Structure formats: C-alpha cells, structure tokens
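Scroll down for the structure; my scribbles are underneath it.
Any read-out appearing in this document is the output of simple, stated calculations on the displayed coordinates, not a laboratory observation. Small disclaimer: the values here were computed from a predicted structure and weren't measured. With ideal geometry, Cβ positions are generated from the backbone for all residues, glycine too; neighbour counts draw on all protein chains shown.
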Amino acid sequence: MKKYMVLGAGLCLALSFTGCKSSESAYKKAYEKAKQQEQQEQVVQTPTVTETPVVAPVQTRPVTQAQVTDNYDNVQVRQESVKVVSGSGLRAFSVVVGSFSVQANAEGLQQRLRNAGYDAQIVKNEERNMYRVVASTSDSKADAVRSRDALRGGQFNPNSDAWLLSNK
C-alpha cells in the first residue's frame, strides 16, 4: 500500500511539472507578434513629408510705445473705525504694517519705524481690541499703494503683509 501511495504521489508530481511547461511554439508566437508591432510603430513614426513653416519676421517697437496702466482702483482697502493712540493723525488712506493685541508690542514696532525715518503712528480698533501700527498715511490712494508696496515684506515685519486702511 505504501508503495502505491509513493508511486501515485510521484506520478502526480511528474504530471504537474510537465503540465506547467510552456511550449516552444508559444514563445515563438509571442516573439513574432512583438516584432510585428515594433515594425508597425516604426512605420507610424517616420514622417512622410517635412515642410518648413513660413514665419513672418518679428517687428520690434520702441519701448516708448508701451502703455503703462496702474491698478490702484483694484487695490483692496479695509475700512475700520480707529482712533489715534500715538502719532500726528491719519489721512484718508493709511498703510498698516503690524497689528497687535498688546500696546507695548505696537510701540516697539512704531519706534523701529521712526528710527528708520517713517512717521509711524499707533491707532486702536476698539471693536477688535487691536492696535494697528501705521507706517505712512496719505490723501491719495495711489500714494498709499506705492508706500505699501515699498514696505511689504521689508525689515519691519517680514512675516506679515502690509495693507491699506481707511478710517470709517
């Protein structure tokens, strides 16, 4: 009985190994198919006719003809009700470079701005209980935008963004 079981197991093992073999004809068919696809791709990739495109010459214009437009009307202005805590007074548009909940912090930034030559002021927004440090103030929105652009990302508060304020 033991002999028959060993013989049967050996027979099953032999059949399983022979059944998994790939035939040479299958490999040959796959090779021929791949070669045929490669030839078709080469035919598609070869250009039929190469034409040189006609390009019109570039016409240069002097720089004086360039039109420069400003976008001062599109600049956002925040309106808040503020009152002056320290400084000479606000005009129509102010450039805010810092906002603090502690007045001493606002005074420190104000002092640094004054040392740099700015007429810095501190105003307080009572609604939000925030002290705003104003670096410059002007009657013209265009002047305020130019001043804001000069102060943005500067040495006084590089982590924040200067913005425009209009008092309500």
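The table below gives the values:
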quantity: Label-to-label distance, nm, for residues given as Leu11 and Ala116 (7 Å Cα→Cβ offset); calculated: 9.6
quantity: Separation of the Tyr4 and Ala142 label points, Cα + 7 Å toward Cβ, nm; calculated: 11.1
quantity: ³J(HN,Hα), Karplus 6.51/-1.76/1.60, whole Hz, each residue of the stretch 91-105, x for Gly, Pro; calculated: 9, 5, 10, 10, 9, 9, 10, x, 10, 9, 8, 10, 5, 4, 5
quantity: Computed FRET value (nearest 0.05) for Asp161 with Glu41, which takes r as the C-beta separation and R₀ as 45 Å; calculated: 0.25
quantity: Test item: Cα-centred dipole of the stretch 73-161, Lys/Arg +1 and Asp/Glu -1 on Cβ, debye; calculated: 100
